[in-house]
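A short worksheet on the structure shown next.
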Amino acid sequence: MSKMKAITLAKAAEVMGGRLIGGDPDTAIQQVVMDSRLDVTGALFVAIAGARADGHDFVPSVLERGAVCCLVEREIPDVLGAQILVDSTLIAVKALAGYYRQLFDIPFIGITGSVGKTSTKEMLAATLSAKFHVHKTEGNLNNELGVPMTLLALRPEHEVAVIEMGISDFGEMTRLTDMVRPDIAIITIIGYAHLDNLGNRAGVYKAKTEIFHGLTQDGIALLNGDDDMLKDCCITDISPDKQSVTRLLYGLDNTNDYRATNIISQGESGTTCTFSWVDTSMDTEIPAFGTPFVYAALASAAVGDQLGMTAEEMQRGIAAFHTVSGRANVIQTDFLTIIDDCYNANPSSVKASITSLTDLPGRRIAILGDMGELGSDAETLHRDMGKHAADCGIDLLITIGDMSKYTYERARETDSNLETLYFTKKAEALEKLPTILKSGDQVLVKASRSAKFEEIVAALKTL
């Protein structure tokens with residue numbers, strides 16, 4: 001990887017409001033790292049005091065291994081090397097990231113929403129890579145520490161930046177968007193997520209739409225027009241200074257600016273459909289299972305169109321997409337088809353996954369676990385999942401966990417003929433699953449991350 005655009009220690013200290021201790025003020029930072037186990041040659045090492053480890057403990061070793069400076073909240077004595085002393089390393093690194101972003105005159109795309117952020121980010125990066133050198137958020141670095149580290153990983157050769165932005169409370173998105181300053185802001189959906197802090201969907205809408213505060217003056221707000229809250233979103237009601245922002249809608253409804261029609265499921269191999277806008281129609285093959293990926297690909301095509309890509313480039317980019325582990329990742333074994341969607345779960349994403357499961361042939365089984373952070377509505381929302389599963393007509397519903405008992409009960413109340421099983425503990429289910437599942441079954445596995453349902457996926461692979 002090439003070096004960062006040049007930032008001297010003196011400039012970094014100025015931007016972060018810190019005091020430079022030792023070192024040559026004219027020394028340039030080549031990279032920024034917060035993991036002491038990585039190559040730290042030429043790096044500014046960010047010492048974060050975490051729950052399990054304090055980065056300050058590693059300052060002597062990273063300086064010995066070639067770091068040019070350490071960002072610290074307390075001066076580390078008796079070390080050879082530079083330190084920048086600040087009150088908060090987290091606040092300081094966000095200030096540095098915001099400054100560094102302004103050194104790039106390239107399109108920045110910020111992505112948020114209750115469901116589909118990562119899938120849209122990955123699909124968009126794949127699509128744009130057919131024409132541009134793309135920088136994207138890696139893994140789950142989408143929070144107040146991950147976003148600045150993502151921005152600071154930009155390099156001079158990058159032509160587009162795709163930044164995932166995740167939040168769980170009010171004010172977080174404002175702090176993220178102030179750093180990213182997106183030229184295009186995508187909101188995928190307003191769902192039931194992080195309700196412990198946000199209260200209800202209106203709270204989720206308020207928190208997510210804070211992204212418009214940082215949107216560039218002539219930017220684009222690309223919104224899911226099939227979402228009942230987003231389709232009527234008025235940007236200037238949220239951020240009055242954004243009079244010149246263009247609002248574009250994407251979705252399946254024919255009132256959207258970018259539309260998907262002729263959607264045909266090809267089972268676990270993917271989906272074909274037609275995208276259309278203004279005077280353009282584009283037949284598209286999406287190598288991923290389920291309607292959520294149609295939305296992700298459509299949003300990606302909308303961005304591609306806005307950035308001047310041809311239909312052929314967009315088709316080629318979408319075709320190069322690969323699903324991410326834990327996110328509707330289809331795993332074919334000699335015995336089963338497993339839809340590994342256990343990275344996380346909220347009511348909107350669970351409903352979408354169950355609906356997509358019904359597109360598959362054969363015996364369709366949903367293994368569902370508890371959804372977290374739903375506040376006082378947790379019981380009601382888990383019951384809603386049971387009704388949805390029954391209404392969709394799947395063949396077997398298996399639920400695991402304390403709250404998932406309500407999903408099980410509501411499914412049985414809705415359709416007494418639906419085969420349902422309930423386990424209080426994951427270990428009980430793992431013991432019984434080999435006797436329950438049959439050759440050729442299509443099995444969806446989904447729960448919140450805290451449930452660790454990847455253990456179920458791993459077990460299913462061995463059957």
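The values are calculated or read from the model by the stated rules, or taken from the named source; none is laboratory data. Since the model is a prediction, treat every value here as computed from it, not as a measurement. No Cβ is skipped: glycine too gets one built from the backbone with ideal geometry, and neighbour counts run over all protein chains shown.
If only residues of the stretch 89-109 that are closer than 17 Å to VAL162 by Cβ and hydrophobic (A, V, I, L, M, F, W, C) are counted, the one that is surrounded by the most Cβ atoms within 10 Å (Cβ to Cβ) is ILE109. Checked against (1) over 21 Å from GLN306 (Cβ atoms); (2) at pLDDT 95 or above, THR188 passes all but a single condition, namely (1).
Suppose we keep only residues that are assigned to a loop (DSSP other than H, G, I, E, B) and either at pLDDT 90 or above or in the same structural domain as LYS117 (by TED's automatic domain parsing) (or both) within the stretch 335-354. Which one would you say is farthest from GLU268 (Cα to Cα)?
Filtering the stretch 335-354 for residues assigned to a loop (DSSP other than H, G, I, E, B) gives 335-336, 341-346.
Then keep just the ones that are either at pLDDT 90 or above or in the same structural domain as LYS117 (by TED's automatic domain parsing) (or both); that gives 335-336.
Values: PHE335: 15, LEU336: 12 Å.
Ranking the candidates gives PHE335 first.
When the criteria are applied in full, SER114 fails the requirement of being surrounded by fewer than 18 Cβ atoms within 10 Å (Cβ to Cβ), assigned to a loop (DSSP other than H, G, I, E, B) and under 29 Å from the mean Cα position of the chain (by Cα). Looking only at residues that are more than 18 Å from ASP183 (Cβ to Cβ), assigned to a strand (DSSP E or B) and not hydrophobic (A, V, I, L, M, F, W, C) in the stretch 251-266, which one is modelled with the lowest pLDDT? My answer is SER265. Scanning the stretch 72-86 turns up no residue that is under 19 Å from LEU151 (Cβ atoms), in contact with a helix residue (DSSP H, G or I) (Cβ under 9 Å, 6 or more places away or on another chain) and free of Cβ contacts under 8 Å to residues at least 60 places away in the same chain. Evaluated against (1) in contact (Cβ under 8 Å) with a residue 12 or more places away in the chain; (2) more than 12 Å from GLY66 (Cα to Cα); (3) out of contact with any His (no Cβ under 7 Å at 6 or more places or on another chain), ALA43 falls short on exactly one condition, (2). Of the residues making up the stretch 422-438, at least one is surrounded by fewer than 21 Cβ atoms within 10 Å (Cβ to Cβ), touching a strand residue (DSSP E or B) at 6+ places or on another chain (Cβ under 6 Å) and outside the structural domain of PHE289 (by TED's automatic domain parsing). Within the bounds of the stretch 30-47, is there any residue that is surrounded by fewer than 19 Cβ atoms within 10 Å (Cβ to Cβ) and closer than 17 Å to ASP87 by Cα? So far as the stretch 30-47 goes, no, none of its residues is surrounded by fewer than 19 Cβ atoms within 10 Å (Cβ to Cβ) and closer than 17 Å to ASP87 by Cα. I'd like the full set of residues that are within 16 Å of ASP441 (Cβ to Cβ) and either surrounded by fewer than 23 Cβ atoms within 10 Å (Cβ to Cβ) or among the β-branched types (Val, Ile, Thr) (or both), limited to the stretch 340-355. Within the stretch 340-355, ILE354 is the sole residue that qualifies.
Comparison of ILE190, ILE167, ILE211, ILE163 shows that the only residue that is surrounded by 24 or more Cβ atoms within 10 Å (Cβ to Cβ), of a type in the set (A, V, I, L, M, F, W, C) and part of a strand (DSSP E or B) is ILE163.
The single condition among (1) surrounded by fewer than 20 Cβ atoms within 10 Å (Cβ to Cβ); (2) in contact (Cβ under 8 Å) with a residue 40 or more places away in the chain that SER61 does not satisfy is (2). Considering only residues that are part of a strand (DSSP E or B) and β-branched (Val, Ile, Thr), look in the stretch 218-250 and name the one that is surrounded by the most Cβ atoms within 10 Å (Cβ to Cβ). Applying the filter and picking the extreme gives ILE220. When TYR422 is tested against (1) under 25 Å from the mean Cα position of the chain (by Cα); (2) modelled with pLDDT of 95 or more, just one condition goes unmet, and that condition is (1).
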